[in-house]
1. One residue is enough: does segment C:94-102 have a residue meeting the conditions assigned to a helix (DSSP H, G or I) and away from every other protein chain (no Cβ under 14 Å)?
2. One residue is enough: does segment B:86-96 have a residue meeting the conditions more than 20 Å from B:E128 (Cα to Cα) and open to solvent by 20 Å² or more (accessible area, probe 1.4 Å)?
3. Condition first: over 25 Å from A:V107 (Cβ atoms) and not in a strand (DSSP E or B). Can you find one or more residues in segment C:112-128 that meet it?
4. Being farther than 20 Å from B:A38 by Cα and within 13 Å of the chain's Cα centre (by Cα) narrows it down to one of B:D142, B:D112, B:D84, so name that one.
5. If you go through segment C:92-103, how many residues are in contact with a helix residue (DSSP H, G or I) (Cβ under 8 Å, 6 or more places away or on another chain), small (G, A, S) and either at negative phi or modelled with pLDDT of 95 or more (or both)?
6. Of all residues in segment A:24-36, which are out of contact with any strand residue (DSSP E or B) (no Cβ under 7 Å at 6 or more places or on another chain), within 14 Å of chain C (Cβ to nearest Cβ) and part of a helix (DSSP H, G or I)?
7. What is the number of the single condition among (1) closer than 18 Å to A:T40 by Cα; (2) among the hydrophobic types (A, V, I, L, M, F, W, C); (3) surrounded by fewer than 16 Cβ atoms within 10 Å (Cβ to Cβ) that A:V126 does not meet?
8. Within segment B:35-47, how many residues are without any contact (Cβ under 8 Å) to a residue 40 or more places away in the chain, farther than 19 Å from B:Y103 by Cα and surrounded by 19 or more Cβ atoms within 10 Å (Cβ to Cβ)?
Amino acid sequence: MTTTESTTEVTAERYAEVQHFYARQMRLLDDRDFPAFAATFTEDGEFSHTPGHAVSTRAGIVAELHEFHRRFDGDPVVRRHWFDMIVLDPAPGGALTASFYAYAITVRPGGDQVVGPSCLVRDVLVREAGQLRNRSRHVTQDRLTF
Amino acid sequence: MTTTESTTEVTAERYAEVQHFYARQMRLLDDRDFPAFAATFTEDGEFSHTPGHAVSTRAGIVAELHEFHRRFDGDPVVRRHWFDMIVLDPAPGGALTASFYAYAITVRPGGDQVVGPSCLVRDVLVREAGQLRNRSRHVTQDRLTF
Amino acid sequence: MTTTESTTEVTAERYAEVQHFYARQMRLLDDRDFPAFAATFTEDGEFSHTPGHAVSTRAGIVAELHEFHRRFDGDPVVRRHWFDMIVLDPAPGGALTASFYAYAITVRPGGDQVVGPSCLVRDVLVREAGQLRNRSRHVTQDRLTF
């Protein structure tokens, strides 16, 4: 990411790149490949996906995700995270801030399907070795904002 | 938007630009910043978002949105508009017609969440001072089309 | 699609093009223009959209869609297919593999609205005469994967 780009508006090319990055990233989470998901963050990345569960570092993210998914032990589910309405803004040092809407669809045997809580997600994205990575992600559930 | 572009197919660059424009635009609406939302329309813009509520001009859009949101007085909600499956076509004079699917997720305290009526939205987009703007938006609720 | 591109990563331009292609393609299906939908596949295209309903060739796709939609005879519905979180990868010979999340919203008179089964879709896309086309589409309903 050049200095020039970081000080100007976000290009359409960057916009599509971020969409694609998110699609790959969340597929890893939905497939429960936690180390690969954590590798989409910087080594010291911050991740706060549900109240009281803020962690940092890739190792911390992996541990948190293992802990979080224990709720599904004995409760087979398929989860699908959907993102939409991504707003990108340049941030200092060539970073990008992203904010967008999200929910997870949770599917259980027999066809029970729940469209999970509507969330607002705020990311800081940076580029390392040519790849986008999350320096941080903070998820806010709309139902908890009242 | 050059004359050449307006007479050829819509570029991928334009497609991403429109997605980003919509994400910023609807965040303004969901944040209830009605003047800023209205400023994403041309000064004489047309806005018809619900049956019997067609208005025009930015001032008219702001007034309509204040009126519409009175239904939420004493009923705290978070609303999140999602758009998907955007189809763009060039229109005369460098304009674009856009049509796409939309719904609003409405969240209330305690976690009650409703995925609002499925809609088809038809926009005419123009460029003013380098920025995309809505010359018009017409929203049709699918449930009212039978 | 040049040989160079097919052997490197998917560009942002290609990503937006695929999104737009899907938006046009599924509008045709939702509008029940089955021949036009089938024409977004290659002549020998494969289409498996629901268990036990794998067909091939454009004529086969049209026949299958007529058969499938008979369930809606006497049951007026509007259907809206939503796609999200598209992952693209280059495939041999300039093709692309795409996988993404999908559901259909089904709306009936009176406002009954169902967000249909969460699906994972796997496509192979090729370019013919400058246009993207599906060589194949395989849809898996998450509820049937347990």
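The values are calculated or read from the model by the stated rules, or taken from the named source; none is laboratory data. Since we're looking at a predicted model, the values are computed, not measured. Glycine also receives a Cβ, built like all others from the backbone with ideal geometry; neighbour counts cover every protein chain displayed. Ligands, DNA and RNA are stripped out before the accessible areas are found, and what is left, the full protein with its side chains, is counted by its heavy atoms. Shrake-Rupley method; radii C 1.70, N 1.55, O 1.52, S 1.80 Å.
1. Step one: list which residues in segment C:94-102 are assigned to a helix (DSSP H, G or I), which gives C:94.
Retained after the next criterion (residues that are away from every other protein chain (no Cβ under 14 Å)): C:94.
Yes: one or more hits.
2. To start, the set of residues in segment B:86-96 that are more than 20 Å from B:E128 (Cα to Cα) comprises B:86-87.
Of the ones still in play, those that are also open to solvent by 20 Å² or more (accessible area, probe 1.4 Å) are none.
Looking for residues that are more than 20 Å from B:E128 (Cα to Cα) and open to solvent by 20 Å² or more (accessible area, probe 1.4 Å), one finds none in segment B:86-96, hence no.
3. So far as segment C:112-128 goes, no, none of its residues is over 25 Å from A:V107 (Cβ atoms) and not in a strand (DSSP E or B).
4. Working: B:D142 fails: within 13 Å of the chain's Cα centre (by Cα); B:D112 fails: within 13 Å of the chain's Cα centre (by Cα).
None of the others qualify; the one that does is B:D84.
5. Number of matching residues: 3.
6. Residues of segment A:24-36 out of contact with any strand residue (DSSP E or B) (no Cβ under 7 Å at 6 or more places or on another chain): A:25, A:28, A:31-36.
Checking the rest, the ones that are also within 14 Å of chain C (Cβ to nearest Cβ) come to A:25, A:28, A:31-33, A:36.
Correct list: A:Q25, A:L28, A:A36.
7. (3)
8. Result for segment B:35-47: 1.
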